[in-house]
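See below for the structure under consideration.
Since every read-out is calculated from the coordinates, none of them should be taken as a lab result. These figures come from a predicted structure and were not determined experimentally. Counting neighbours? That spans all protein chains shown, and the Cβs are built from the backbone with ideal geometry, glycine included.
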Amino acid sequence: MKILHVCLCGPFTEGMTYQENLLSRQNAVDGHNVLIVASRYSWEKDRIVRLPECSKMLVGGIKLVRISYDNILNDYISEKVRKASALMPIVREFDPDIIFFHDIQAFEIINVARYRKNHPNVRLVVDVHSDFNNSALNALSYVILHKILYKSIILLSIRHIDRIYCVTDSCIRFVREAYGIKGKKVELFPLGGVVSEGCEKEIEHRRELLGIDSNDIVLLHSGKFNRKKRTKELLMIFNSKVYAHMKLLLIGTIDNDDKESLELLVNSNPNILFLGWKSGNELLDYLRIADIYVQPGSASATLQNAICAGNAIIAYDSEIYANYVKGNGWLISNIKEIGHILDEIENNPALLSQMKEASLRIGRNELDYHVLARRVYSLIEE
């Protein structure tokens with residue numbers, strides 16, 4: 001089949017482990033012809049940059065085309081409306097069987113839905129990553145952008161959309177309240193990961209390079225380390241007691257506001273290893289050597305990859321994670337609980353083994369992109 005991924009609603013970053021990267025990679029592994037049409041925006045470490053338009057081949061035989069937004073008054077409005085006249089000629093030339101439109105908040109969904117209407121054998125799916133934690137954070141955004149602009153665009157398109165995939169239950173609630181979308185078209189379609197099993201020799205080698213003993217328990221915390229991530233509190237808890245056989249890996253970038261205090265906490269404990277920013281594939285490698293993924297603050301898509309890598313989970317108790325932390329970790333409401341959890345693990349290592357196995361089961365059955373991709377392919381048979 002020909003599968004088109006449209007990524008106009010945010011940065012598309014080559015080599016990362018976001019949904020649009022891993023799902024399109026799985027499509028290619030499954031033998032399909034895959035095209036990604038993306039905006040010119042991309043993450044460069046911890047900032048968004050604007051790249052030139054391009055047409056290129058990615059690893060795995062996936063074609064990437066970057067296009068510009070149409071100019072509507074100014075850059076700010078253009079980046080909110082997301083109208084791109086260059087999209088539809090590409091769609092018509094590619095002649096896709098499935099169109100996966102990542103994020104629904106773009107003017108071009110109107111044109112893609114019209115294309116779906118005129119090509120009844122094509123299947124059109126859109127997804128939603130927005131909820132009340134990351135979008136519509138003030139009244140102006142909620143009313144002008146979501147209740148008026150995006151809702152109007154969606155209502156003009158929805159008849160010809162086959163599925164609306166929401167990545168969390170909180171996203172389902174958002175589309176119901178903000179856009180008035182209900183019914184069978186709306187489904188939970190979680191952010192996934194790549195299930196990692198085996199490779200024991202490679203894992204042992206990587207741990208040795210970091211000075212990690214075979215009996216050490218490895219915790220991993222990743223992202224942009226700022227107050228929302230609660231990295232400082234995590235480090236203070238980890239430093240409050242000597243954990244003889246635990247190592248904490250930090251992968252990401254330190255926010256300038258907290259740089260001095262975080263570096264002091266890191267440098268005061270030889271069991272904390274700050275590894276800096278890593279690419280998506282490198283992060284997956286480090287998740288494979290970790291035992292526990294710790295995310296006590298704001299949400300991160302890395303959590304699903306951590307589950308697929310067989311990590312036990314310690315995460316903030318939120319609606320986002322409720323479906324995926326069940327017998328494979330702990331959801332905490334107070335960061336001080338982490339200290340009690342680490343004591344529990346230290347006293348009962350068998351508990352950690354059980355939770356790691358539970359994560360792999362959840363990964364295999366629910367989050368592996370091998371499984372998720374087949375849900376998309378099955379639409380062709382409807």
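Overview of results
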| quantity | calculated |
| --- | --- |
| Cysteines, the chain, no other Cys beta-carbon under 4.7 Å | CYS7, CYS9, CYS54, CYS199, CYS308 |
| Residue order, fewest to most surrounding Cβ atoms within 10 angstrom, among LEU137, LEU156 | LEU137, LEU156 |
| Amide H contacts of SER298 (H built 1.01 Å from N, under 5 Å, at least 5 apart or other chain) | LYS229, ARG230 |
| Sequence-separation-based contact order of the range 200-367, relative, with Cα cut under 8 Å and 6+ spacing, percent | 22 |
| Members of LYS228/LYS336; LYS63/LYS151; LYS224/LYS356; LYS228/LYS326; LYS229/LYS259; LYS201/LYS356 lying beyond 20 Å, as alpha-carbon distances in this model show | LYS63/LYS151; LYS224/LYS356; LYS228/LYS326 |
| The range 2-189: C-alpha gyration tensor shape, a/c 1.5 cut-off, then a/b vs b/c | rounded |
| Amide H contacts of LEU248 (H built 1.01 Å from N, under 5 Å, at least 5 apart or other chain) | LEU219, ILE272, LEU273 |
| Anisotropy class of the range 1-99 from Cα gyration tensor, a/c 1.5 cut | oblate |
| Phi-based couplings in Hz for the range 259-271 (Karplus 6.51, -1.76, 1.60; Gly and Pro marked x) | 4, 5, 5, 5, 5, 5, 5, 5, 6, 7, 9, x, 8 |
| Cβ crowding within 10 Å averaged over residues, with 361-367, 56-62, 284-290, 260-266 ranked highest first | 284-290, 361-367, 260-266, 56-62 |
| J(HN,Hα) series, the range 294-309, from Karplus relation 6.51 cos²θ - 1.76 cosθ + 1.60, nearest Hz, glycine and proline x | 10, 9, x, x, 4, 5, 8, 5, 5, 4, 5, 5, 5, 4, 5, 8 |
| Helical mean residue ellipticity (222 nm; -39500 (n - 2.57) per DSSP H run of 4+; nearest 500) of the chain | -10000 deg cm²/dmol |
| Neighbour-count ranking [beta-carbon atoms within 10 angstrom, fewest first] of HIS205, HIS129 | HIS205, HIS129 |
| Of LYS56/LYS147; LYS83/LYS278; LYS2/LYS56, pairs whose Cα-Cα distance is over 26 Å | LYS56/LYS147; LYS83/LYS278 |
| Counted charge near ASP291, where neighbours are those whose Cβ lies closer than 11 Å (Asp, Glu -1; Lys, Arg +1) | +3 |
| Burial ordering of HIS340, HIS221, HIS5, HIS32, fewest other beta-carbon atoms within 10 Å first | HIS340, HIS32, HIS5, HIS221 |
| Difference of contour (0.36 nm per residue) and Cα-Cα distance, ILE72 to ASN347 | 92.9 nm |
| Label point distance in nm, ARG159-GLU357, each placed 7 Å from Cα along Cα→Cβ | 5.4 |
| Packing-based order for 170-176, 68-74, using average beta carbon neighbours within 10 Å, highest first | 170-176, 68-74 |
| 5 angstrom amide H check on VAL186, placed H, neighbours 5+ away | ILE164 |
| In Å, descending, principal axis extents of the Cα set of the chain | 65, 44, 40 |
| Calculated FRET efficiency for the pair TRP277/ASN134, C-beta based, R₀ 22 Å, to 0.05 | 0.55 |
| Tensor-based shape of the range 1-40 (alpha-carbon gyration tensor, a/c under 1.5 rounded, otherwise prolate or oblate) | oblate |
| Overall Cα dimensions of the range 232-382, principal axis frame, Å, largest first | 59, 36, 27 |
